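Read through the structure below, which is laid out as structure tokens, and then see the notes.
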Amino acid sequence: MPSLTGARPSLATLLVLAALVFLAYSPALTQPLLEDDYPNIVLAQHYGPVSDWPRMFHDAVFRLRTTTWLMMYGLNAMFGMHAAAYYAAMILLQVLNTWLVYLLGIWRPLGFGVSTFAAGFFAVYEGHQEAVMWLSGSTEPLLVFFGLLSFLFWIRFLDARGLAWYAASLLAFSLALLSKESAVILVPLLALPVAMDRQMWRRVLWLLPFAVLASLAAISLFLARSYSFRFRDGSFALDAPVWLTWPLNFGRLFWFWGLLSLIAILVWKPDGYRRILNFALAWTGASLIPYSFLTYSKRIPSRQLHLASVGVAIVVGFALLNLFERYWPKRRVAVVALCALIVAHNVIYLWTKKRGQFLERAAPTQQLIALARVTRGPIYVKCFPRTPLIAQAAVQLMIDAQAADSLLWTPEQARAHPGAVTFCYPQR
């Protein structure tokens, strides 16, 4: 077997994983920003300055996404409205998260053999592409980043019982709670290593502060339900068909490399396979729970599969490790070809179908911006397949506030400005 894995992190492996992420997601660097990005950047401009942090923390709807506003504000302050800078930051986040998946190898039941291959799959996996290729989806990779950091520090605490590791885990968990409302699900994920080791069961009490913080975040969100749009736009409802949404998306996540890996593991039955499968499947299943309360769709958006896909990556990584151990070097050509096929399948899909979808989503806003650049005077937006908020924010950020104020939205406004240029994006 080639020297692909070891007992400790390898700089060479980290560089290879970063290269895989760039290979998969570099086409995003030439994308324009998408529809929701513009109003979110405007919101970040209001909440990002230090002087406005008190106002942000008093906003029960938006404070649980603090890290997103700070990231967007910082990028906007440094790079203006250059889309490539925002996408470079998203790709960097994916690199960091891929490295953290690799570092899961510090947990002895996994080891760096499994985590190396898991991180390689996570680096190129197309199932969570929206979390990397859409700036407004940055809440998810930020949640994954702080969540995995908390988990790794927690593992170190369980191994060494050092209070510094515990404090670091609690701090990272707090930042995860300030990244996305669904971070509350990290509590049961942190409990998995304890539940899987009887010698650690007494340490479950150390999770109490995590549970208290998660409860406070959930209560804060629930108290804002009367005016929070997240309880009215279908993002969350207690009467949602969870019984259908959860299994549908669980199966979707594992199709089809995850399913093939599960079958291979169950056929081979390598040492410790039950423990790894139990951990990976529990991680995936638990991570999907907060997103299974959608009412606007039975299909969970790909960005919200980012945390759950870590479990899928572990299953695929475990299968690939056993493939190498069984068939290297006698069938090295077939083994390398299969790994290359997995990478190529995900990368080509990202470069073609998914990139095309993102460009299509950006087209209406881009065309309106292009018209506003060459138009002096009002523009009658007769048909635009996005909300006026998106158009206003896009024109404001890409041109200026005066151009945004010149957008007209009703026939009455257009008749009052007979010289207005008409914009209409054809509906499909």
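The values are calculated or read from the model by the stated rules, or taken from the named source; none is laboratory data. Keep in mind that what you see is a predicted model, and the values were worked out from it rather than measured. Note: ideal-geometry Cβ built from the backbone for every residue, glycine included; neighbour counts use all protein chains shown.
Computed values, structure above
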item	result
Scope the range 63-82; condition free of Cβ contacts under 8 Å to residues at least 60 places away in the same chain and within 19 Å of Leu142 (Cβ to Cβ); matching residues	Trp69, Leu70, Tyr73, Gly74, Leu75, Asn76, Ala77, Met78, Phe79
Hey, Val21 surrounded by 15 or more Cβ atoms within 10 Å (Cβ to Cβ), of a type in the set (Val, Ile, Thr), at pLDDT 95 or above and over 20 Å from the mean Cα position of the chain (by Cα) or not	no
The range 24-42, residues that are among the polar types (S, T, N, Q), surrounded by 18 or more Cβ atoms within 10 Å (Cβ to Cβ) and under 29 Å from His345 (Cβ atoms)	Gln31
Test: Ile390 is outside the structural domain of Tyr38 (by TED's automatic domain parsing), surrounded by 15 or more Cβ atoms within 10 Å (Cβ to Cβ) and closer than 23 Å to Leu33 by Cα	yes
Flag if Tyr102 is over 25 Å from Leu341 (Cα atoms), buried (at least 19 other Cβ atoms within 10 Å of the Cβ) and either under 20 Å from the mean Cα position of the chain (by Cα) or small (Gly, Ala, Ser) (or both)	no
Scan of the range 282-337 for residues that are charged (D, E, K, R), surrounded by fewer than 17 Cβ atoms within 10 Å (Cβ to Cβ) and assigned to a helix (DSSP H, G or I), ordered by number	Glu325, Arg326, Arg332
Restricting the range 79-99 to residues that are under 17 Å from the mean Cα position of the chain (by Cα) and small (Gly, Ala, Ser), the residue that is farthest from Ala195 (Cα to Cα)	Ala88
Residue ranges of helices (runs of 4 or more DSSP H) in the range 117-202 with at least 2 members surrounded by fewer than 22 Cβ atoms within 10 Å (Cβ to Cβ)	139-160, 163-177, 186-195
Test set (1) touching a residue at least 40 places away in the same chain (Cβ under 8 Å); (2) within 30 Å of Ser136 (Cα to Cα) - Ser174 fails condition number	(1)
Subset of the range 234-270 that is of a type in the set (Ser, Thr, Tyr) and assigned to a helix (DSSP H, G or I) - its residue that is surrounded by the fewest Cβ atoms within 10 Å (Cβ to Cβ)	Thr245
Any helices (runs of 4 or more DSSP H) falling wholly within the range 348-409 and containing at least 1 residues that are polar (S, T, N, Q), at negative phi and under 32 Å from the mean Cα position of the chain (by Cα)	355-374, 388-398
Contacts under 8 angstrom Cβ, first residue in the range 409-428 being free of Cβ contacts under 8 Å to residues at least 40 places away in the same chain and surrounded by 10 or more Cβ atoms within 10 Å (Cβ to Cβ), partner assigned to a strand (DSSP E or B) and among the basic types (Lys, Arg), 6 or more apart	Ala414/Lys382
Asp37 within 25 Å of Ser235 (Cα to Cα), assigned by TED's automatic domain parsing to the domain that holds Met90 and out of contact with any helix residue (DSSP H, G or I) (no Cβ under 7 Å at 6 or more places or on another chain)	no
The range 373-394: number of residues that are among the aliphatic types (A, V, I, L, M) and touching a Ser or Thr at 6+ places or on another chain (Cβ under 8 Å)	4
Criterion: assigned to a helix (DSSP H, G or I), among the hydroxyl-bearing types (Ser, Thr, Tyr), out of contact with any strand residue (DSSP E or B) (no Cβ under 9 Å at 6 or more places or on another chain) and loosely packed, with under 15 Cβ neighbours inside 10 Å - qualifying residue of Ser226, Ser215	Ser215
Qualifying residue in the range 43-62 (condition: part of a helix (DSSP H, G or I), in contact (Cβ under 8 Å) with a residue 60 or more places away in the chain and surrounded by 18 or more Cβ atoms within 10 Å (Cβ to Cβ))	no
Pro39 over 14 Å from Ser136 (Cα atoms) and assigned to a helix (DSSP H, G or I)	no
